[in-house]
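Asks: Sending over a structure as structure tokens; questions will come in a sec.
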Amino acid sequence: MFEKTTAVILAAGQGTRMKSGLPKVLHPVAGKPLVHYAVRAALEAGCGEVVVVVGHGREAVEAYLAKAFGASGEKPEWAGRVKTAVQTEQRGTGDAAKAGLSGVRAEAERVLLFYGDVPMLAADDVAAVARALDEDGAATLAIATCTTEDPFGYGRVIRDARGQVVEIREQRDLKSDLERAIKEWNPGIYAATRRFFEDALASLEPNNAQGEYYLTDIVRFAAGRGDRVAAVPSNPDVMDGVNDRAQLALADRAMCERILKRHRLSGITIRDGARVEDGVEIGADAVVESFAVLRGRTRVGAGAVVDVGCVLTNADVGEGVALKPYSVVTDSVVRARAQVGPFSHLRPESDVGEEAHVGNFVETKKTKLDRGAKANHLAYLGDGFVGEGANVGAGTIFCNYDGFQKHVTRIGKGAFIGSDSQLVAPVTIGDGAYVGTGTTVTKDVPADALAIGRAKQENKEGYAARLRGRLKAQKEAAAQKK
Ligand code: UD1
Ligand code: MG
């Protein structure tokens, strides 16, 4: 829609008020850095190109953008549309805008400029300002404005006697109680021709309380030469900037609520207290219980149940799966109708097959269980394969590590591993084989064989009673000596 519009996003500031080593725009809200939402809003609005102004923590911000909006990023078709421009010294938003403008391609006719610290802003909100410029033929600059009861901290919109916007004045530069009482404020979205920005930004002077170049002074520039400034009334609920960690927490809550609502309206039951971060996909009729946390590239299939307290990070959960309470799944796959938990820990590269069961206190890592395999209680399965329908008994351990290297354990189809067995890798248990309870398996077991590696049991009749008598007598003798 805005093919010839370039979005310029200001993201070079340090964010002093965050009191953090991490650049402000990399602080996450619902699992994604602040700057992610700004860039996405510009791309979804259809801007042909996005220039992100970087400076403080430049390498980290550039690395993030390259990853998130590159060929393997959120949408491969966005690759190549996000660029950066560098602001070498953070001398204010006006100076940052100038740096951004130098990165705008020659074909761009129009520039849509906004800040990288307003995460709730979506495509429609920024598009509305660009559209207003088209619709109001007389205006050379369009800006968003909001009106709320307490706009403390924001730049205020100053209008003249005729109601025309003539200036934006920062909180610190407000001169009177009358100005401080102004309820209309600047959320920071500006649209104009590229030419206007060039002229306006060239005129800026750092004559304000902070001694910085204020982007907001472009409004005074426009009004001063008799241009009309179009003010676009905007929804204040999505315009809050994040400048400190208290505001970060509010933005995180608002974003999570927005995400939950979208899922709920698409037919998913999500109980109060669950957290679903940006980018997670959930199928119809799935249920997400309280205090579950779903993040990263997690996918949950239709009808699956993610029970209380589960933590899913980049988890691929199939249809009809039951993830019972307090299971942790990281970078792993759980296939259709499998059951996991309660209290299971699937570490990276685990793959639980269809209808397979992984039960309480079972830890897996880089292990594939084929269809219907079961490991129901207290086991460690690392670097292994468990064949279709095989049963791994309670307390079984894949001894995969010799202190230097990891080795593989293979269990064949339909094999049965008795409880409390140790399988010392590398080792293979053939299809249909049995491993007797308490066996330490150090050699491969052929298909359909029984491996048993424990001492033979011997019963000594009456021995326990005799032993008790002897021990009791010893205790009494010792007590008399005292
Ligand atoms: C700014 C506006 C204010 C508005 C508010 C809305 C100005 C002067 N003030 O104030 O009118 O109400 O946003 O949220 O524009 N940045 C740079 N380089 C710099 C300084 C800042 O790139 O030298 C970037 C920051 O990374 C940030 C954005 O610009 O993403 C806004 O800067 P910030 O310091 O947060 O401005 P506010 O005080 O919030
Ligand atoms: Mg801000």
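Asks: So if I check each of GLN405, GLN474, GLN422, which one is open to solvent by 20 Å² or more (accessible area, probe 1.4 Å) and touching a residue at least 24 places away in the same chain (Cβ under 8 Å)?
Replies: GLN422
Asks: Can you pull out every residue in the range 219-268 that is within 14 Å of ligand 1 (Cβ to nearest atom), aliphatic (A, V, I, L, M) and in contact with a Pro (Cβ under 8 Å, 6 or more places away or on another chain)?
Replies: Across the range 219-268, the qualifying residues are MET239, VAL242, ALA251.
Asks: For PRO348, only one of the following conditions fails: (1) out of contact with any Phe, Trp or Tyr (no Cβ under 9 Å at 6 or more places or on another chain); (2) part of a strand (DSSP E or B); (3) surrounded by fewer than 24 Cβ atoms within 10 Å (Cβ to Cβ). What is its number?
Replies: Result: PRO348 passes all but (2).
Asks: Quick check: is even one residue across the range 173-182 in contact (Cβ under 8 Å) with a residue 12 or more places away in the chain and within 28 Å of ALA108 (Cα to Cα)?
Replies: no
Asks: Can you go through ARG275, ARG264, ARG225 and tell me which one is away from ligand 2 (no atom under 16 Å from the Cβ), open to solvent by 60 Å² or more (accessible area, probe 1.4 Å) and in contact with a helix residue (DSSP H, G or I) (Cβ under 7 Å, 6 or more places away or on another chain)?
Replies: When all the criteria are applied, what remains is ARG275.
Asks: Quick one: ASP285 ticks every box in (1) at positive phi; (2) charged (D, E, K, R); (3) touching a residue at least 40 places away in the same chain (Cβ under 8 Å) bar one, so which box is it?
Replies: It fails just one condition, (3).
Asks: Here is a list: ALA96, ALA79. Which entry is buried (at least 17 other Cβ atoms within 10 Å of the Cβ) and among the small types (Gly, Ala, Ser)?
Replies: One residue alone meets the criteria, ALA96.
Asks: Go through (1) open to solvent by 10 Å² or more (accessible area, probe 1.4 Å); (2) within 25 Å of ASP124 (Cβ to Cβ); (3) within 16 Å of ligand 2 (Cβ to nearest atom); (4) over 20 Å from the mean Cα position of the chain (by Cα) and name the single condition ILE9 misses.
Replies: With respect to (1) open to solvent by 10 Å² or more (accessible area, probe 1.4 Å); (2) within 25 Å of ASP124 (Cβ to Cβ); (3) within 16 Å of ligand 2 (Cβ to nearest atom); (4) over 20 Å from the mean Cα position of the chain (by Cα), ILE9 is out only on (1).
Asks: So which of TYR37, TYR64 ends up being in a helix (DSSP H, G or I), on the phi < 0 side of the Ramachandran plot and open to solvent by 20 Å² or more (accessible area, probe 1.4 Å)?
Replies: TYR64
Asks: For the range 230-251, give me the residue count where each residue is farther than 27 Å from LEU141 by Cβ, of a type outside the set (A, V, I, L, M) and more than 11 Å from ligand 2 (Cβ to nearest atom).
Replies: Total meeting the criteria: 1.
Asks: Here is a further query. Could you pull out the residue among SER20, SER72 that is small (Gly, Ala, Ser) and at pLDDT below 95?
Replies: Within the list SER20, SER72, the selection yields SER72.
Asks: If you go through the range 99-117 one residue at a time, how many are part of a loop (DSSP other than H, G, I, E, B), open to solvent by less than 10 Å² (accessible area, probe 1.4 Å) and within 13 Å of ligand 1 (Cβ to nearest atom)?
Replies: Summing the residues that are part of a loop (DSSP other than H, G, I, E, B), open to solvent by less than 10 Å² (accessible area, probe 1.4 Å) and within 13 Å of ligand 1 (Cβ to nearest atom) in the range 99-117 gives 1.
Asks: Taking the condition out of contact with any strand residue (DSSP E or B) (no Cβ under 6 Å at 6 or more places or on another chain), within 15 Å of ligand 1 (Cβ to nearest atom) and open to solvent by 10 Å² or more (accessible area, probe 1.4 Å), does GLY46 pass?
Replies: So GLY46 does not fit the description; no.
Asks: Determine, yes or no, whether GLY80 is without any contact (Cβ under 8 Å) to a residue 12 or more places away in the chain and at positive phi.
Replies: yes
The values are calculated or read from the model by the stated rules, or taken from the named source; none is laboratory data. Note that the structure is a prediction, hence the values are computed from the model and not measured. Cβ coordinates were reconstructed from backbone atoms using ideal geometry, including for glycine residues, and neighbour counts include every protein chain displayed. What goes into the accessible areas is simple: the full protein's heavy atoms, side chains included, and nothing from ligands, DNA or RNA. Shrake-Rupley method; radii C 1.70, N 1.55, O 1.52, S 1.80 Å.
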